[in-house]
DNA sequence: GCCAGGATTGTGACCGGTCACACAGGGGCC
DNA sequence: GGCCCCTGTGTGACCGGTCACAATCCTGGC
């Protein structure tokens, strides 16, 4: 790796509203009125001020504005990950919406669900003075949600809640439970006797709340099929691979629903190595529809989730809260999850 | 998608240093000294102040600190993308390093290389008062680099420069030219007569500066092999797929070096559909070593680039610049690029 | 015992905005 | 013609820190 140095800057102090005021021959308060679009400024005055602003290249200091007004046009995203597709896509949605509203977006990674660390991260994020968006798809995120002081302005992207959340919870989700049900149904319709489930880690220790697993169970019980023990996987392809090797040994396994596409990727590889053909011997379904999933061999049947839409909705909700007084705009709706059938699923093998 | 509402906050104003001062019976300036670790505060006084801080739950306002000191402990990342692996990984590295240094990190996406848009993005980013990190792997990023005023505190992650950069350029890169040379050499060593190249878009219109292509040319000319016309690809699997279909038709093509793993993914699929086996008929090499590449069928031979290391180095450089006066810490060095040979490359087919 | 000088601490201005309120001028109404 | 209200503008405090400098307290050296 290479690095090159840098030289020192020698710029002058940027223009403040008082500089502009002097240049335009008005008071600083009038300049403030102009930049904030206050109605009662005479057009002639406004023009003089605007000319001065242009001439001096004035830009309102976001810092000073935040300090004086108490409102920081800022949103900080707390997440445990920025590289995985779902997280990155949600971040993308948030950033888009924030940029459109002239909000700055900050990002802070939660490295673990350790209480002290998470609490400190929350404090640090709150220090910016803006709102918070939590990506609470996993332990660290959920922990942050639990630990956040009640009065912090925050919105969370969460898994589908097991039961209707308490009124007033600023939560956003897509119905992945229904989606899991649909995906499982798809496999059952193809004649598979049962469907195995390789789950992502559940966020709540007690309730085993993973709603993807719940949807899978729904479909199975609706079809009158006993649910095999779900397999606790992780998030990574390596986890899927490890689980896949075990699954591959069991000849009764003909259909696997994976908690995400990365797990499915690992499963696919394990099956291939074990000589079990996909979809002829085993069908595999993923979750998320990551960008590469359509190009795999075989192309992965998966559930497309609109993470970016969720991200945009999170921002919209937070924005409405922070900018109270503005009418709450109808939330931009994310697309409903949708099963994308590709090549990794097929009819159950004949016995 | 579902969204639930939220309730209003009713918190009180957080404690300021003057509140702490009153509680501790000292002046606000003494409190300031304590929180900044100034040496000349009597231990007894320090303890009183610290007790008051703890009791009031005082946290220094980042906003006020930034305004008063003129230094915002903030770094804003300007990038055209947050989802692609290389970009996301670089961001991860930046965030890690920034968090360790108690810097906040902002993110701003450059949607195009349109001059006005990029200039406005730069201004907005500068408004935060902190430093800037540019991910200049593509047009929008490079455009931002060109357009940034000379006195902005910025560091850029760039492609390997074609020639030594002007002294003082705050640039960080890994030597992907050498890596491309190595990858091409690997294919040549396997007996392939020549190696085709599917390039990512080059950032500089005029020089065709993509150094991955240059490294590929280096290796070819060193081996005395004429370089076939490189193919202008894009960034996405779909682009690789399109190019791959054309490549598949030409029986002379037995080795392809792709500008990134996504392109390689598309090429792999196109070859498979065309009935050309990898690596038996055609060898394929990628670039980046994205997390899923090891699990593809076949597992992709690729060049591992330490994006996170580059990101950390960017931050270190910026930090040293902003915090001038501190000794410049030795830059954390990113790992050198390394060819990871997996399953997608093999001996040239016999004719 | 006196004084220089470092250690400690306090005072008030300032960073660049916003906010609350005062004040001048002009038009409508009775 | 006087009063009231609205429009347009200015004044000074304030947000929560930092900075420059002044003031006070100690301590050692002679």
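Considering segment A:59-73, and only residues there that are touching a residue at least 12 places away in the same chain (Cβ under 8 Å), facing chain B (nearest Cβ under 7 Å) and under 29 Å from the mean Cα position of the chain (by Cα), the residue that is nearest to residue B:119 (Cα to Cα) turns out to be A:62. Just one of (1) more than 30 Å from residue A:288 (Cβ to Cβ); (2) in contact with a helix residue (DSSP H, G or I) (Cβ under 6 Å, 6 or more places away or on another chain); (3) not in a loop (DSSP other than H, G, I, E, B) fails for residue B:86. It is (1). Evaluated against (1) surrounded by fewer than 23 Cβ atoms within 10 Å (Cβ to Cβ); (2) in contact (Cβ under 8 Å) with a residue 12 or more places away in the chain; (3) within 7 Å of another protein chain (Cβ to nearest Cβ); (4) within 21 Å of residue A:14 (Cα to Cα), residue A:92 falls short on exactly one condition, (4). For segment A:74-89, filtered to residues that are within 16 Å of residue B:106 (Cβ to Cβ) and facing another protein chain (nearest Cβ under 9 Å), the residue that is farthest from DNA strand C (Cβ to nearest atom) is A:82.
Here residue A:302 fulfils each of the conditions (1) in a loop (DSSP other than H, G, I, E, B); (2) away from chain B (no Cβ under 12 Å) apart from (1). Scoring residue A:168 on the criteria (1) at pLDDT below 95; (2) more than 13 Å from chain B (Cβ to nearest Cβ) leaves a single failure, condition (2).
For residue B:182, work out the one condition from (1) within 22 Å of residue B:135 (Cα to Cα); (2) in contact with a strand residue (DSSP E or B) (Cβ under 6 Å, 6 or more places away or on another chain) it doesn't fulfil. So the condition that residue B:182 fails would be (1). Selection of segment B:178-193 for residues being touching a helix residue (DSSP H, G or I) at 6+ places or on another chain (Cβ under 7 Å) and either crowded, with 21+ Cβ neighbours inside 10 Å or over 14 Å from residue B:287 (Cα atoms) (or both) yields B:179, B:180, B:181, B:184, B:185, B:188. In the set (1) more than 10 Å from chain B (Cβ to nearest Cβ); (2) more than 16 Å from DNA strand C (Cβ to nearest atom); (3) in contact with a helix residue (DSSP H, G or I) (Cβ under 8 Å, 6 or more places away or on another chain), the condition left unmet by residue A:56 is number (2). The sole residue among B:49, B:105, B:41 that is under 24 Å from residue B:19 (Cβ atoms) and outside any helix (DSSP H, G or I) is B:41. The set of residues in segment A:115-140 being over 21 Å from residue A:73 (Cα atoms) and without any contact (Cβ under 8 Å) to a residue 24 or more places away in the chain consists of A:116, A:117, A:120. Of the candidates A:177, A:143, the single residue that is within 12 Å of another protein chain (Cβ to nearest Cβ), touching a residue at least 24 places away in the same chain (Cβ under 8 Å) and out of contact with any strand residue (DSSP E or B) (no Cβ under 8 Å at 6 or more places or on another chain) is A:177.
The values are calculated or read from the model by the stated rules, or taken from the named source; none is laboratory data. Remember, it's a predicted structure, so these values are computed and weren't measured experimentally. All Cβ positions, even for glycine, are placed from backbone atoms using ideal geometry, and neighbour counts span all protein chains on display.
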